[in-house]
Every structure is written in C-alpha cells, then in structure tokens.
1. Could you give the dipole magnitude of the chain about its Cα centre, charging the beta-carbon of Lys and Arg +1 and that of Asp and Glu -1, in debye to the nearest 20?
2. In a Gaussian network model over the chain where Cα atoms closer than 10 Å are linked, find which of Ile27, Ile78, Ile42 has the largest mean-square fluctuation.
3. In deg cm²/dmol, rounded to 500, what helix-only [θ] at 222 nm does the chain give when every DSSP H run of at least 4 residues adds -39500 (n - 2.57) and the total is split over its residues?
4. If you consider only alpha-carbon coordinates, what radius of gyration and Dmax does the chain have, in Å?
5. Taking region 7-61, which trypsin sites (Lys or Arg not before Pro) meet the DSSP loop condition and have no more than 14 other C-beta atoms within 10 Å?
6. Per 0.36 nm of contour for each residue apart, how much would the distance between Arg97 and Leu74 grow if the chain were fully extended, relative to their Cα-Cα spacing?
7. How far, in nm, would the chain grow between Arg33 and His107 when pulled straight, counting 0.36 nm per residue and subtracting the alpha carbon separation?
8. Which whole-number percent is the relative contact order of region 1-100 (Cα, under 8 Å, 6+ apart)?
Amino acid sequence: MFHLFFGDTISVLTTVAVLGTLALIAISFKNSREIKSWGRLILILIIVGTAISGLAAMRDAYMTAQAAFSVSSLQSTICSLAGGLIFLTGLLALFIRNQSFRRFSFHLISIIFLAQVLVIEVSRIVLY
C-alpha cells in the first residue's frame, strides 16, 4: 500500500499536496474566529484543489487504457459533480460578499474536497 502514495514522483507530490491542503483546512477550521477574509482562502482552496485533481488524474492515468477509474465510473461521476459544486460555491462567494456566507462556503468546499479525497483514495486502496 505504501507504493500507492509514495511509489513515484507524481504519487509523492499528490500525497504531499493532499496532506498540506488537509492541514490548511484543519488550521482554518480551528482558527475560524480570527479569519477576516474568507475569499482568499476560498480562492486558494479552489486553485490548490484543482491542481490536486490534475495530479491525481495523472497519477491514476485517468482517461487512458491503464486508468484506475474509467470516465464513466462511479468515482469519476461523484468527483465531477463534487468539483462542479465546488466551483459553483466559489462563484457564489465571489458575488455574495458577506463574510459569514463566505465562511460557510469555505466550510462547504472543504467538506466536499474531503469527500472527493476519500472517494478516490479509498477506491484506490480497495482496487489495489
């Protein structure tokens, strides 16, 4: 199982990025009372989450004959819908400038990101 997360350079980068993002989320949840600008955190989370999705797709050879998950798989469908919801929430937060709404948006995006990570990583462990 070690090779799933540290078997090659892309796996290591993906694992480190996921763990770093989860740490950012945990710190943000812990310090949420002191955070004044949720918009920046939302933007960072969306950009980093999108980069992680790209790395994970490269790692899992997505859309190739050797892919861990097919394009029509349940994992792909769940993560695509979740990604769309993340971007939609981010767009709403862009136009709704209320910090309490942005805080809620950050928390929602964080939970959806965590769900995406769990779906993919648990599926990878089960498949290998």
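Read-outs: derived from the displayed coordinates by stated rules, not from any lab. What you see is a predicted model; the values in this text were computed from it and never measured. Because the Cβ atoms are built from the backbone with ideal geometry, glycine has one as well, and the counts that use them run over all protein chains shown.
1. Around 600 debye, computed over the chain.
2. Top of the fluctuation ranking is Ile27.
3. -27000 deg cm²/dmol
4. Reported Rg and Dmax, both Å: 15.4, 48.
5. Here the trypsin sites (Lys or Arg not before Pro) that fit, given the DSSP loop and packing criteria, are Arg33, Lys36.
6. Working: separation 23, 0.36 × 23 = 8.28 nm, distance 3.49 nm.
Between Arg97 and Leu74, full extension yields 4.8 nm more.
7. Working it through step by step, the gained length comes to 25.3 nm.
8. On the way: 49 pairs, mean separation 26.9, N = 100.
Worked out over region 1-100, it gives 27 percent.
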